[in-house]
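Encoded as structure tokens, the structure appears first; notes follow it.
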Amino acid sequence: EVQLVESGGDLVKPGRSLRLSCTTSGFTFRDYAMSWFRQAPGKGPEWVGLIRSKGYIGTTEYAASVKGRFTISRDDSKSIVYLQMNSLRPEDTAVYYCSRDGEYYDNSGYPIFGFDHWGQGTLVTVTP
Amino acid sequence: DIQMTQSPSAMSASVGDRVTITCRASQGISNYLAWFQQKPGKVPKRLIYAASSLQSGVPSRFTGRGSGTEFTLTISSLQPEDFATYYCLQHNSYPYTFGQGTKLEIK
């Protein structure tokens, strides 16, 4: 059974840092791209970023709202994907989800057929 | 960024009704579109991928169609458990972007 479990959410002050983890099991983690999403209270989901599999050099992509502040990394030996969040702002307050992205890529390097499994989410609250 | 315009933003319907939700992309996205259902306090659940492929375990009353810039999600006969919020997501271009959502309520 595929499982994704996020952890690390907390209440922090603006400007602080936080690292979220997404621990996975039930599939060959190293073969998949992984995405992070977030959902602010009462709002729709928002894509945060992704990390490709090592077969695609483990490269990353980010939403403009987090680029330069957030970093996604992965540890294939532990089947964990991380979201390092620096310089947090009140508008980063949200439930953060990890999702399994695609195992395969198109000719442009986009993972395909992803988002079939999500974690339960972890709450990050940024407040003075 | 690709804008996903989803309509309607909300609708009321009755059990047994047929409903259709539309997403329009601001530029062509081929079939790089997924549909999600989300209930309050729950995780988004993928219903459709590649615009028209039904996720395993999802009832066949859900149908996705479209390619390019216009996409639809149709529920052929609403069941009580279908009342939720629905989102489309394009993953053809970074950043991935969602539609604004359609809240489906019981009439």
With respect to the numbered conditions (1) within 14 Å of chain B (Cβ to nearest Cβ); (2) assigned to a loop (DSSP other than H, G, I, E, B), which one is the sole condition not fulfilled by A:LEU123?
(2)
Residue that is modelled with pLDDT of 95 or more, hydroxyl-bearing (Ser, Thr, Tyr) and buried (at least 19 other Cβ atoms within 10 Å of the Cβ), where the choices are A:THR60, A:THR122:
A:THR122
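Tally the residues that are more than 10 Å from chain B (Cβ to nearest Cβ), of a type outside the set (A, V, I, L, M, F, W, C) and surrounded by 13 or more Cβ atoms within 10 Å (Cβ to Cβ), restricting the search to segment A:43-55.
The number of residues fulfilling the criteria is 2.
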Those residues that are more than 13 Å from chain B (Cβ to nearest Cβ) and part of a loop (DSSP other than H, G, I, E, B), I need them from segment A:76-105; list them, please.
A:ASP76, A:SER77, A:LYS78, A:SER79, A:ASN86, A:SER87, A:LEU88, A:ARG89, A:THR93
Within segment B:61-107, restricting to residues that are in contact with a helix residue (DSSP H, G or I) (Cβ under 9 Å, 6 or more places away or on another chain) and among the β-branched types (Val, Ile, Thr), the one that is nearest to A:THR59 (Cα to Cα) is B:ILE75
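Yes/no per residue for (1) away from chain A (no Cβ under 14 Å); (2) surrounded by fewer than 18 Cβ atoms within 10 Å (Cβ to Cβ); (3) of a type in the set (Phe, Trp, Tyr); (4) without any contact (Cβ under 8 Å) to a residue 12 or more places away in the chain:
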residue	(1), (2), (3), (4)
B:SER30	no, yes, no, no
B:TRP35	no, no, yes, no
B:LEU47	no, no, no, no
B:PHE62	yes, no, yes, no
Of a type outside the set (Ser, Thr, Tyr), modelled with pLDDT under 95 and crowded, with 16+ Cβ neighbours inside 10 Å: does that describe A:ASP101?
yes
Note on A:ILE72: of the conditions (1) within 14 Å of chain B (Cβ to nearest Cβ); (2) surrounded by fewer than 21 Cβ atoms within 10 Å (Cβ to Cβ), unmet is (2)
Need the failing condition index for B:ILE29 against (1) over 29 Å from A:GLU6 (Cα atoms); (2) not in a loop (DSSP other than H, G, I, E, B), just the number.
(2)
Would you say B:TYR86 is over 21 Å from A:LEU4 (Cβ atoms), hydroxyl-bearing (Ser, Thr, Tyr), assigned to a loop (DSSP other than H, G, I, E, B) and within 14 Å of chain A (Cβ to nearest Cβ)?
no
So, in segment A:29-42, exactly how many residues are in contact (Cβ under 8 Å) with a residue 40 or more places away in the chain and surrounded by fewer than 17 Cβ atoms within 10 Å (Cβ to Cβ)?
4
Test set (1) closer than 23 Å to B:GLN38 by Cα; (2) at pLDDT below 95; (3) crowded, with 19+ Cβ neighbours inside 10 Å - A:ILE112 fails condition number
(3)
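The values are calculated or read from the model by the stated rules, or taken from the named source; none is laboratory data. Note that the structure is predicted; figures quoted are calculated from it, not measured. Cβ atoms come from the backbone with ideal geometry, glycine included; neighbour counts cover every protein chain shown.
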